[in-house]
Each structure stands twice: as structure tokens, then as C-alpha cells.
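Enquirer: This is the structure, below, for whatever I ask next.
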Amino acid sequence: MRAPRIYNVVYAAATYAIMIFALWGVFVYVPTEQVQGIVQRIFYFHVSSAFTMFLAFFVVFVASILYLWKRLAWWDHIAASAAEIGVVFCTLVLITGPIWARPIWGTWWSWDPTLTLTLVLWLIYVAYLMLRVGAYDERRARFAAVLGIIGFIDVPIIRWSVEKWRTIHPKPVVIQEGGTTGLPSSMLFTFLICLAAFVFLFSYLIRERVSLAQSQHELERLRHDLDISLLR
Amino acid sequence: MFMRQVAAIFMKDLKSEWRTREIFTSMLVFAVLVVVVFNFAIGADSELIRQVAPGVLWVALLFATVLGLQRAAQMEHEDDCLSGVLLTMGDRSALFIAKTAGNMLYLLLITLCTLPLFSIWFRINILSHIAPLSVVLLLGMLGFSIIGTLFSIITLNTRTREIMLPLLFLPISVPLTIASVYATANLIVGKGLSDITDYLTLMGVFDIVFLVIALLVFDTIVEE
């Protein structure tokens, strides 16, 4: 089932190349935004991280459903790996967000719907990872799958509720929306390259993480068999 | 048949609770305690108290819920009661519905006992808004019971169950908490049900979506 070594090397090299290309795009190629200045360049990493985070949590959702349906440990490995990587990207969003917000909005944090949603998602998926601490066990995999499904279905409902909640309070600062539709073509190009780099990185990381999980699972099984044969 | 099973489990839980009154007492004392502690934390500013009162009420009820759910699930764990009950069942969703109904009943009783104290201490006239408020309370309690019951049975089988339940329960129920608090806040300042239809819809959608999902996945949680 495991891919040959050369394939992995090529994949890693391609990911590396596109990441370097994205860095060149963000720091050299793209012009500095006139109003926001140099800090606007964090947009390319911030939005790409956010996209990758949602992609990762969506993978958790799909893998969780497939696990409950097919009961193959492999789907559980995928869900666990995607959740771990998703939390990493979610953390990146929560770090790059305030760095961008401080000079532009004048505050590190605002309880804006998108920010609040990201924070709640972080809490949910950190709890997901805590639920699955320890070795692979079939029952725990089922519990995690249930949480993986509920957590993702909760996303639009949380989004809806925090939007309602924010209308109670006026927004403390003027929020400048960086919508992609209004982007000049050079910025859009850089953004798309950056997005591709993040998605490549995500797929590379998940491949590695899943293969690690499989090895761990195999090791545990062998250890278990060994214990039994020694007891005889 | 299905309803008889639900009723049988529900009555069994009530009977054992009636004999000890363990869950109810601990939940009630805890909820009252949270309200009192918040009262000290906020101070004597009556305008401020009015503003934060709905939040305090729901935080107290939520924390008491976590405590009660833990206790209710724990009792089922002792002597492996859950396995015994599951052996006798045809349709396992009957167990989930009975447990949810039981937890919801405790929650409603706690609310009923906490509300008068809350009303007196925070100087808010609850009685004049009781009819619309009970709609909000019912919708809120239903959702908290569904999510809470599901997660209390999940965390029952994990090593760090005391800490895992609030960690799962609180973030997932964020939409319900927001809707409950702001619906209550609107009712307290004299608005009617027609002003809070958005929140009621939100609560209704939350309750229905998670009831359906809970019923779909419950079998996979309790299977051996």
C-alpha cells in the first residue's frame, strides 16, 4: 500500500519548490499594497492557512463518516492526521490574524464573527486531539469519529450564531475586507500560488503523518502478538 | 414497544434518583453557588447587574449541567449498569431518548428552583416574562441535554472523563449558549417572542440537527 521511496522524494521536492516560489511571489514579485503597507503581505499566508484549516477539518469530517461506515483503521489514521494538521494551521491563522490586525484595525483582537468562529474551532479540535490521546483503540476511534462529524456540522451553526451575536454590539473598528474579487491580478496570482503551496504542504504532511500512524499501529499489533506468544 | 422502553428506562433513572437525590442536590447547590459567586464578582452596580444577569444565569445552569451529566453518567458506569441495560434493549436509541429526557428534567427542575433566587438577588422581575422565557428555557435545555447526554456517554469511557466532558460540551454548544443568553436578555428588557424569532429559529435548528445526528451515531457509541 505504501508508495515507493522515490515517489515520496519527488513529492517532497515539488512541495519545496512551490513553497519557495510562493515566498518569492509574496516578498519579491507582488507590489506593496498602498493603504495598508508592507503588513498586507501577511494576507497571503493568513488566508491560505485559513483555507487549509477548513480543508483539513473537512477531511476529518469525511474520514470520520467513512470510518464509521467501513470500520477500517486507515480512515481513523486519516482523520487523526488531518485534525492534527488542521489545528496547526488554525493556530497559524490565530497568530497571523492579530499580527495583521494590530496595525490595521488598531487592536490585536476583535470579536468579529470570523475570528470568533476560528477560535471556537480551535477549541473544538484541540478537544478532539485530547480525546484521542494514546494508542489506537477501536472504541476511541469511534468516539473521535462522532466528534469529527459533530464538530464540522457545528461550523455553519456557530458561524450563524456569532454573526447574530455581533449585531448586538457595534463593531469597534472599521474592518477592511480583503476580498479576492477586488484584488489586482498580480496579487490574485501571488495568492493563488501561496494557496497552492499550502495545499501541497498539507497533502505532503498528511501523507507522512498517515504513514507514521500506520507504522505505529503495526508496531503495536506486533508488540501485542509478541506478548501473547511469550505468554504461551 | 419503543415508547415503553423509553418510559421504562426513564422511570428507572427517576426512581434511583428519587432514592438518593444525589444529582439534583449537587446540581442545585452548584448552580446557586455560581450565581452567588458572580454576584460578588460583579459588585453593587445595579445597571451592570441588569446587563450581565442573563449571562450569569446561563453560565450557572451550564456549569450545573456539566456537573449533573457527569454524575448521571457515572452512576450508569458503576457496576457496569450500562452494559446490563444495553443487553435488554432492542432499539438502542430508546436509551438515548430516555437519558436525554431524564437529563432535561433535572435541568428544568434546577432552573425552576434557581430562577426565583436569581430574580430576587438580581432584582429582575421574572414572573412578568415567564411565558416567553419558558419557551427559551425549553429549547435551550433540550439542546444542552442532547449534546450533553451524547458526550457524557462518550467521555464515560475515556481516561480523563471529568475534564473531557466540559472540553467537548462547552465549545460545541456555543451557538446554543449565545442564542439562549441573548434571547433571555431581550425578554428581560420587555421584548416579546416575535422580537427574538431569529434566536428561537437558531435554537430549534440546533436541537433538531443534533437530535438527528445523535440518534444516527448513538449505536456506534454504545456498541461493544
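Read-outs throughout are calculated quantities, based only on the coordinates presented, and are distinct from any laboratory measurement. Given the structure is predicted, the values throughout are model-derived calculations rather than measurements. So basically every Cβ, Gly included, is an ideal-geometry build from the backbone, and we count neighbours across all protein chains shown.
Enquirer: How large is ³J(HN,Hα) for each residue in the range A:14-22, as worked out from phi by the Karplus curve 6.51 cos²θ - 1.76 cosθ + 1.60 (θ = phi - 60°), to whole Hz, x for Gly and Pro?
Expert: 5, 4, 4, 4, 5, 5, 5, 4, 5
Enquirer: Further question on the same structure: Using 7 Å Cα-to-Cβ label points, what is the B:Met11/A:Trp74 separation (nm, one decimal)?
Expert: Taking the two extended label points, one gets 5.1 nm.
Enquirer: Taking the Cα centre of chain A as origin, sum charge times position over the Cβ atoms of Lys and Arg (+1) and Asp and Glu (-1), and report the length of that vector in debye to the nearest 20. Don't skip to the answer; put the middle values down first.
Expert: On the way: 19 positive and 14 negative charges, 55 e Å.
Dipole of chain A, to the nearest 20 debye: 260 debye.
Enquirer: When a/c reaches 1.5 or more, the comparison of a/b and b/c decides; with that in mind, is the range A:55-117 rounded, prolate or oblate per its Cα gyration tensor?
Expert: Working: a/c = 6.05, a/b = 3.21, b/c = 1.88.
In terms of gyration-tensor shape, prolate.
Enquirer: What whole-number value in cubic angstrom gives the convex hull volume per residue for the C-alpha atoms of the protein assembly as shown?
Expert: 179
Enquirer: Just tell me how shielded B:175-186 is by partners: mean number of partner chain Cβ atoms within 10 Å of each residue's Cβ, no decimals. Before the final figure, lay out each step's value.
Expert: Numbers: counts 11, 2, 2, 10, 5, 0, 2, 5, 0, 0, 1, 1.
Average per residue, whole number: 3.
Enquirer: Got a sec to turn the phi values of the range A:117-123 into Karplus ³J(HN,Hα) couplings, 6.51 cos²θ - 1.76 cosθ + 1.60 with θ = phi - 60°, whole Hz, x for Gly and Pro?
Expert: With the stated coefficients, the range A:117-123 comes to 4, 4, 5, 5, 4, 4, 4 Hz.
Enquirer: In addition: Where does the range B:2-222 land on Rg/Rh, using Cα atoms and the Kirkwood Rh?
Expert: Values: Rg = 17.7 Å, Rh = 18.0 Å.
Across the range B:2-222, the Cα-based Rg/Rh ratio is 0.98.
Enquirer: With a length cut of 18 Å (Cα positions projected on each helix's long axis) and a Kyte-Doolittle mean of at least 0.0, go through chain B and give me the DSSP H helices that pass.
Expert: Numbers: long enough: B:2-20 (28 Å, -0.22); B:22-42 (30 Å, 2.38); B:46-77 (46 Å, 0.73); B:93-121 (41 Å, 1.52); B:130-156 (36 Å, 2.23); B:174-188 (21 Å, 1.45); B:197-222 (36 Å, 1.97).
Taking the DSSP H segments of chain B (at least 18 Å long, mean hydropathy at least 0.0), we get B:22-42, B:46-77, B:93-121, B:130-156, B:174-188, B:197-222.
Enquirer: Here's another thing I want to ask about it. By the gyration tensor of its Cα atoms, with a ≥ b ≥ c the square roots of the eigenvalues, what is the shape of the range B:107-221: rounded for a/c under 1.5, prolate for a/b over b/c, or oblate?
Expert: Numbers: a/c = 2.70, a/b = 1.70, b/c = 1.58.
Cα axes put the range B:107-221 in the prolate bin.
Enquirer: Can you list the aspartates and glutamates whose alpha carbon is less than 12 Å from that of B:Lys12, not counting same-chain residues fewer than 8 positions off?
Expert: The reachable aspartates and glutamates, counting only those whose Cα sits under 12 Å from B:Lys12, are B:Glu76.
Enquirer: So, one more: Using a Förster radius of 35 Å, what is the FRET efficiency between A:Glu208 and B:Thr160 based on their Cβ-Cβ separation? Nearest 0.05, please. Working shown, then result.
Expert: Working: r = 28 Å, r/R0 = 0.81.
So the FRET efficiency works out to roughly 0.80.
Enquirer: Dipole of the protein assembly as shown, Cα-centred, from +1 at each Lys and Arg C-beta and -1 at each Asp and Glu C-beta, to the nearest 20 debye? All intermediate terms of the calculation are to be shown ahead of the outcome.
Expert: On the way: 32 positive and 31 negative charges, 44 e Å.
In debye, rounded to 20, the protein assembly as shown gives about 220.
Enquirer: Right, next: Name the residue farthest towards the positive end of the dipole of the protein assembly as shown from the options B:Val212, B:Phe144, A:Ile104, assuming +1 on Cβ of Lys and Arg, -1 on Cβ of Asp and Glu, about the Cα centre.
Expert: Of the options given, the answer is A:Ile104.
Enquirer: Within 10 Å of each Cβ in peptide B:158-165, how many partner chain Cβ atoms are there on average? Round it to a whole number, please. Write out the running numbers ahead of the final one.
Expert: On the way: counts 8, 3, 3, 0, 0, 2, 5, 0.
Mean partner shielding for this stretch: 3.
Enquirer: Still on this structure: Quick check: from the Cα gyration tensor, does chain A come out rounded (a/c under 1.5), prolate or oblate? Working shown, then result.
Expert: On the way: a/c = 2.96, a/b = 1.56, b/c = 1.90.
Taking the square roots of the gyration eigenvalues as a ≥ b ≥ c, chain A is oblate.
Enquirer: What's the exposure ranking of A:His224, A:His217, going from fewest to most Cβ atoms within 10 Å?
Expert: Ranked by crowding around the Cβ, least crowded first: A:His224, A:His217.
Enquirer: Compute the longest continuous run of chain B that contains no exposed trypsin sites (Lys or Arg not before Pro); treat a site as exposed when its DSSP state is not H, G, I, E or B and it has at most 12 other Cβ atoms within 10 Å. If you can, show how the numbers build up before the last one.
Expert: On the way: sites that count: B:Arg21, B:Arg123, B:Arg159.
Value returned for the longest uninterrupted segment is B:22-122.
Enquirer: Hey, another quick one. Among A:Thr15, A:Val133, B:Ser173, flag the residue with its Cα farthest along the positive direction of the charge dipole of the protein assembly as shown, charges on Cβ as +1 for Lys/Arg and -1 for Asp/Glu.
Expert: Going by the Cα projections, it comes out as A:Thr15.
Enquirer: Excluding residues on the same chain fewer than 8 positions from A:Lys164, give the lysines whose Cα lies under 24 Å from its Cα.
Expert: Of all the lysines, those that pass the test against A:Lys164 - Cα under 24 Å, at least 8 places apart if same chain - are B:Lys191.
Enquirer: From the helices alone, meaning DSSP H stretches of at least four residues, give me the mean residue ellipticity at 222 nm for chain B, per-run term -39500 (n - 2.57), in deg cm²/dmol to the nearest 500.
Expert: On the way: 9 runs with 188 residues, N = 224.
Value at 222 nm, helices only, nearest 500: -29000 deg cm²/dmol.
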